Each structure stands twice: as C-alpha cells, then as structure tokens.
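Colleague: Mind having a look at this structure? Questions to follow.
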Ligand code: ASP
C-alpha cells in the first residue's frame, strides 16, 4: 500500500520534530574542560540551547563572547579561562549575527565547539537545503512556462484584465480581513502587558536596520515591475519583474497571433509539460526534505522554539488559526463553493512544505502542482494567481506584522490610539505586499511599520528568537490564502467560460 504524499510529509515532519526535540534535550549541552590549544589561539566554548559562550585568546588578548539570551546576569565563566571577570563580554543575539559580524569566531565555534545536537541539526540543514535548492532550481522556468501558457491560453486580453482585477480584489480583501483578525486578537490577549518572564529585559539594539519610507517601498515595487533587463531579472529570480515581463510577452503573443503565436504556444506548452514533470519528481522528495528541515530547527532550538514568549506566540497563533480555519474556509465554501476540507487535503503537500521551509517562493512549484493536479484548478488560473500571490498576497505576514508591532507597543507601555492602530493596519498591508516570499522577510519589513508609529526598531530584537516558528506558521497561511484565491477566481472564470467563449487568436480589444 502506498501512503499518500501528504501523509508521508506529515509523518516526516512529526518524526523530524520528535527526533530533534529528543536530541536537543539529550545532547544539547557541550562544555569541554580546559581550552583547546589551536595553532595561534586558545579556544573554549560552551553550547546550550539558549546560550553559547565562547572564550578566545590570541597573543595575550582575551575575548569573551555571549550568543543568545543575555538577560539573566549569572553568566558563569570557568576560572581557568584566560582573561578575568573584568573582561567585558561581547553580546550577539544569534549565531547568524555572530557569523556575519565575526566570521572567525563563528568558524572556531563551528569546527570546535558545537554540541552533538547542534552538529546533527546543522548537518540536517545541509541536507534540507538541498531539497530547497531543487525547488528553487525549477521555480523560475516553471513560473515563466506556466504563466505564459496561462496568459496565452486566456486568448483574450479582456479576460486577462478581468482576472487581474478579481485577483487583486481577493488579495486586498483577505489581507485586510487577516489584519482585522490580528488587531482584534492582540487587543484581546494583550500579550505585551504584564509579566513576560526572563525575556522581558530589553536586549540592546540588535537589528538596527535602515527603515525605508512607505513611498520608497511602493516605488521600488513599481520599478521591479519594469525590469531594465528581463534576462537579468530571470537570472536573479526577481519574481515581480519576471511576472510583469511574462504577462507583457504573453499579451503581445496574443496580439500578434497567427503562426508566430502558434509557434510560441507550441513551445510554451512543451516547456511547461517538461517543467511540470521535473517538479513532480522533486516533489516526491518532499518527505525527506521536510524531515531534515524540521530536525534542523528542533535539534538546534529545542522545544524552546515553541515555548518562549508564550503569550505573544499564542496571540499570533490564535489569530492565524482564526484566519486559516474560519475566514478562508468560509470564503472557500461561500464564494468558491468548494469543500474547505477536501481543498485543504489537496493542498496539504504545499502547506506542509510552506510550514517547514518558511518560504512561499520556495514552495511555489509545489503550490502550483497541487492546485492544478490535486485541486483540479485550471492552469490558466493557477499560473496567474499563484506566482503573483507568492510575492504580493501575504495574509499571514500582514496579520503577524500587526500583532508583533502592537506587542512591541504594549511592551513599551504604549496604548496605541485607534488612529495609530489604523496606521499600523495600513502599513502592515503594504509591508506584506512588499515582503519577499523568503524566510524572515516579514521581520525585515517590520521596521517600516515601527517607524511609521514611532516605536523603537531595535525592539525587534525581542521577537527574533521566536520568529522562525511564527514564520513557518505565517508562511503556511500565506500559501493557503493564495491557494484559496485560485479556487475563488476559478469559480468566476468557469462561469465566464460558459457564457463567453474565447475568440480567435490575434483578435483583441485591450
Ligand atoms: N516567510 C514568509 C513567506 O515566505 C514571509 C515572511 O517572512 O513573513 O511567505
């Protein structure tokens, strides 16, 4: 008996999580005795899930480095280390930050100081990343082939315009609903008020980012839609540019018509069939990829990743739950007239991969295949709604931005007025449109919103630690909303099919 793909992925995800957590509990501490004598340095490290301590001495200069939670002051350094208690430690919020700011120290840790759990987690990530790379490999040619076959298949620019309008309306409506859910939830749970436990001590400016103004962000999006060199955009994987140029190209193919259009269509159909085949083959590897990705996250971060900042995470999770399990299914049932349960089952490989990879763009090939092959939505709709949605329609991200920003406001003892909350809602919508479909993009965009209401951008450091798990959840919601959008648009499209059959090639009224 062959187990269905989504069950395979679910089981793999579960196994990866459990094994990772067990490893994290059993093998996550590493603290050697005396410092290691290296060629020109002495190195000592202690690795535990919430904190890494490093001591490096070179030519009499002794340094101490702390990565992770610095809030509780009782960091104990063994007496035999070089330096003294007066040596002022350097603090880094995460290993990724250390890797960027001090690659040498990071390398020493990577080669000589990791706990077994972290070693296994890092190795699992290397394997999980291979799967993500394969998905990335197919995404650009697949989007181009799929979108082009979708647009040329429309046959009539009128219909393209209508579909575009409906798609945008769907994107904005669902994002606004998500934002409202987030606002209600954060005002109800009030996660930033009261005792936050040990994380409550404010970390120092860790994510100092240059926030752009809203106008700048929007203008940048517009610029992206007019690539100066479409080949360069394809090579760089700039989704918005690729989408815009492919649509222009497809529309002009219809306009030109005749044998030229026939030839292009024939080629595009062939290309599309081959790309779909390749994608399907890769997707069969999803259980393995998901297993290793989950193992990587839980082995290095432990259950802690699901537990810290509990109320804040609960508020985000509840709001995402309401949106994904009530609002979107209602739309699916009432507008698209489809069974939400069956639709979710059909989409589950994509949703689970979105969850474990935290990347809408990375999941896109899988989303496209699930929508077309399992949920039986036409390629015309799927190839139009999904690539655009992966970059533009991010309900989960919009909702998350709202909760996180209001959490930071509450944490700072500020009760934002209705007007301020509206600014947050509006900027969150734009930030979600501007965010790329890659891990942690939402966190980066948050600086814009914080700035818009005058909150300290460095307070983002508070929520970095738990961003990964929330990113996983919001990415799954982002992909779920894109998928539901396909069903909604498809309903109107098929009605259109019945009433107005598409005309002859080459004949267009734009
Ligand atoms: N990781 C999300 C996505 O790919 C974006 C975000 O960070 O919110 O959809």
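Colleague: Please work out whether region 246-321 counts as rounded, prolate or oblate from its C-alpha gyration tensor, where a ≥ b ≥ c are the square roots of the eigenvalues and a/c under 1.5 means rounded, while otherwise a/b larger than b/c means prolate and anything else oblate?
Modeller: Note, shape of region 246-321 comes out oblate.
Colleague: How long is the gain from residue 127 to residue 101 if the chain were fully straight, where each residue apart is worth 0.36 nm and the alpha carbon distance is subtracted? All intermediate terms of the calculation are to be shown ahead of the outcome.
Modeller: Numbers: separation 26, 0.36 × 26 = 9.36 nm, distance 2.56 nm.
Between residue 127 and residue 101, full extension yields 6.8 nm more.
Colleague: Can you give the angle from 0 to 90° between the axis of helix 418-434 and the longest principal axis of the chain, with both taken from C-alpha atoms, to the nearest 10?
Modeller: 70
Colleague: With a/c under 1.5 counting as rounded, go ahead and sort region 282-402 into rounded, prolate or oblate using the C-alpha gyration tensor (a ≥ b ≥ c being the square roots of the eigenvalues; past the cut-off, prolate if a/b is larger than b/c, else oblate).
Modeller: Numbers: a/c = 1.98, a/b = 1.28, b/c = 1.54.
Oblate is the answer for region 282-402, as a/c is 1.5 or above yet b/c matches or exceeds a/b.
Colleague: Given the chain, what percent of its DSSP beta bridges are antiparallel, to the nearest 5?
Modeller: 85
Colleague: Which of rounded, prolate or oblate describes the chain when judged by the alpha-carbon gyration tensor and an a/c cut-off of 1.5?
Modeller: Prolate.
Colleague: Going by C-beta contacts inside 10 Å, put 188, 407, 239 in order with the fewest on the left.
Modeller: With the fewest neighbours first, 188, 407, 239 line up as 188, 239, 407.
Colleague: Give me 482, 262 ranked fewest to most by other Cβ atoms within 10 Å of their Cβ, as a rough exposure proxy.
Modeller: 262, 482
Colleague: Next question. To the nearest 500 deg cm²/dmol, what mean residue ellipticity at 222 nm is calculated for the chain from DSSP H runs of n ≥ 4 alone, each contributing -39,500 (n - 2.57), summed and divided by the residues?
Modeller: Details: 21 runs with 339 residues, N = 510.
The helix-only estimate for the chain comes to -22000 deg cm²/dmol at 222 nm.
Colleague: Taking the Cα atoms only, what angle lies between the long axis of helix 157-189 and the longest principal axis of the chain, rounded to 10 degrees?
Modeller: Here the helix axis deviates by roughly 30 degrees.
Colleague: Can you tell me the orientation of helix 5-27 relative to the chain, as the angle in degrees between its alpha-carbon axis and the longest Cα principal axis, to the nearest 10?
Modeller: Once rounded, the angle reads 10 degrees.
Colleague: Fewest Cβ neighbours within 10 Å first, please rank 364, 135, 422 accordingly.
Modeller: Placing the least packed residue first, the sequence is 422, 135, 364.
Read-outs: derived from the displayed coordinates by stated rules, not from any lab. Fair warning: this is a prediction, and the values are worked out from it, not measured in the lab. FYI the Cβ positions are ideal-geometry reconstructions off the backbone, even for glycines, and counts take in every protein chain you see.
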